[in-house]
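For reference, the structure discussed in these notes is given below.
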Amino acid sequence: MKIAAIDIGSNAARLLINEVKFNNKQPEFIKLNLLRIPLRLGMDVFTLGKIGAEREKMVIDSMKIFSDLMKIYKVEHYRACATSAMRDAANGKEIIKEVKKTSGIDIEIISGDEEATLVFENHIAEGLDKEFAYLYIDVGGGSTELTFYENGKMIYEKSFNIGTIRLLNNLVTADNWKDMKEDIRKNINSKKPIVAIGSGGNINKVFSMSKTKDGKPMSLSHLKKVYKEFDDMTVDQRMTKYNMREDRADVLVHALKIFNNVMSWSEINRIFVPKISVADGLIHNIYSKLQDKK
C-alpha cells in the first residue's frame, strides 16, 4: 500500500510518499520519496495578512508537481494539510479552491492543536523508557506545538503562534513569550524526570551537525552553545561554514531560541531527535484510519 502526505507549512511544503509493508504482521513504513519546496508562505502572511501573487503561483505549481508524483508512484491514499500561514491568510480558502481545480488536491487547513496531535501520531514515546515523562516540541515557521506525554497518556497539548518565520520578521512580542512561559510552567510538571523529543527541519539539522549517534540525546547546554555561535554569525557566514541553504541558515537560530526557552522553562536538560515530522504523523494517521475502517 502506498500512502502520501502533503504538509504545507509556513516555511516549506513537503510531499512524503511511503510504502507500507508487513514484517511479522507489523506495519513497516518505507520512505519512497520526500520532496521539500521552500514556499516561505509566512513571509507574506505574517506581514501582509495574505499570500502574495508570486507565492500563490508557487503553491499552485508545487501542488501540480506533487499531484504528478503521486500518480507516478501510484499512491492509493493521501492527505494534504496546511498549517499556520494558510490558517492566517485572508486568501487561504481561495487558493485552496484554485489548487483543487488545477491539480485535484484537496487541502485541509488544520488547527494548531491538530498539528500537535499529528506529531504525537508517530507514537515515538511509546517505545521509550516509562521511567520518564516526554515533551514533544515541534517548531515550525508559524507556530510551535507542544505535546506532553506521561504514563502512556497525552496530558497536555498546545499550539503557540511563535515560529521561526514570525521571529525572523520580528512579529513575536514579549507578551507572546510570557504567555508561553506561564503556560509551560503551569502544565509541564511531573514527578518523573522530563525528556524532550524534538521535531522539525531545524532541530534535525542541529542534530546532524552535532554528530550525536542516532537514539542518543543532545543536551540543553549543547543547544545553548550552538545558539550563541550562530547568533554571532551572519546568514552568509552560517551558509559558508556549515554548507547550509539560505532558507535554513536564516531561521535556524530562531528555532534554537524556541527550543532553548521551552526546555529551560520545562526544566528539561536532554532532547531526543528521532527525525519525525507532521508529514510522518499524517502518514501514520492515514494508515490508522484505514485500519479502523476494516
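The values are calculated or read from the model by the stated rules, or taken from the named source; none is laboratory data. Here the structure is a predicted model, which means the values were calculated and not measured. For neighbour counting, all protein chains shown are included, and Cβ atoms are generated from backbone atoms with ideal geometry for every residue, glycine included.
Here is a check on your reading of the model: is residue 244 surrounded by 15 or more Cβ atoms within 10 Å (Cβ to Cβ) and touching a Lys or Arg at 6+ places or on another chain (Cβ under 8 Å)? Criteria met by residue 244.
This table checks each residue for (1) under 17 Å from residue 38 (Cβ atoms); (2) assigned to a helix (DSSP H, G or I); (3) touching a Cys at 6+ places or on another chain (Cβ under 7 Å).
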{"position": "208", "(1), (2), (3)": "no, yes, no"}
{"position": "223", "(1), (2), (3)": "no, yes, no"}
{"position": "228", "(1), (2), (3)": "no, yes, no"}
{"position": "244", "(1), (2), (3)": "yes, no, no"}
{"position": "264", "(1), (2), (3)": "no, yes, no"}
{"position": "279", "(1), (2), (3)": "yes, yes, no"}
{"position": "284", "(1), (2), (3)": "no, yes, no"}
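Is it the case that residue 271 is touching a residue at least 60 places away in the same chain (Cβ under 8 Å), outside any helix (DSSP H, G or I) and not aromatic (Phe, Trp, Tyr)?
Yes: the conditions hold for residue 271.
Please tell me if residue 260 is among the polar types (S, T, N, Q), in contact with a strand residue (DSSP E or B) (Cβ under 9 Å, 6 or more places away or on another chain) and either assigned to a helix (DSSP H, G or I) or modelled with pLDDT of 90 or more (or both). For residue 260, the condition - among the polar types (S, T, N, Q), in contact with a strand residue (DSSP E or B) (Cβ under 9 Å, 6 or more places away or on another chain) and either assigned to a helix (DSSP H, G or I) or modelled with pLDDT of 90 or more (or both) - is not met. Taken over region 42-55, the residue count meeting the criterion of being under 17 Å from residue 83 (Cβ atoms) and without any contact (Cβ under 8 Å) to a residue 60 or more places away in the chain is 5.
Per-residue answers, yes or no, for (1) exposed (fewer than 15 other Cβ atoms within 10 Å of the Cβ); (2) among the charged types (D, E, K, R):
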residue: 133; (1), (2): no, no
residue: 142; (1), (2): no, no
residue: 153; (1), (2): yes, yes
residue: 165; (1), (2): no, no
residue: 171; (1), (2): no, no
residue: 174; (1), (2): yes, no
residue: 190; (1), (2): no, no
residue: 193; (1), (2): yes, no
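Is at least one residue of region 22-30 modelled with pLDDT of 95 or more and in contact with a Leu (Cβ under 8 Å, 6 or more places away or on another chain)? If you could, list the steps in order and put the result at the bottom.
We begin by selecting, within region 22-30, every residue modelled with pLDDT of 95 or more; these are 30.
Checking the rest, the ones that are also in contact with a Leu (Cβ under 8 Å, 6 or more places away or on another chain) come to none.
Scanning region 22-30 turns up no residue that is modelled with pLDDT of 95 or more and in contact with a Leu (Cβ under 8 Å, 6 or more places away or on another chain).
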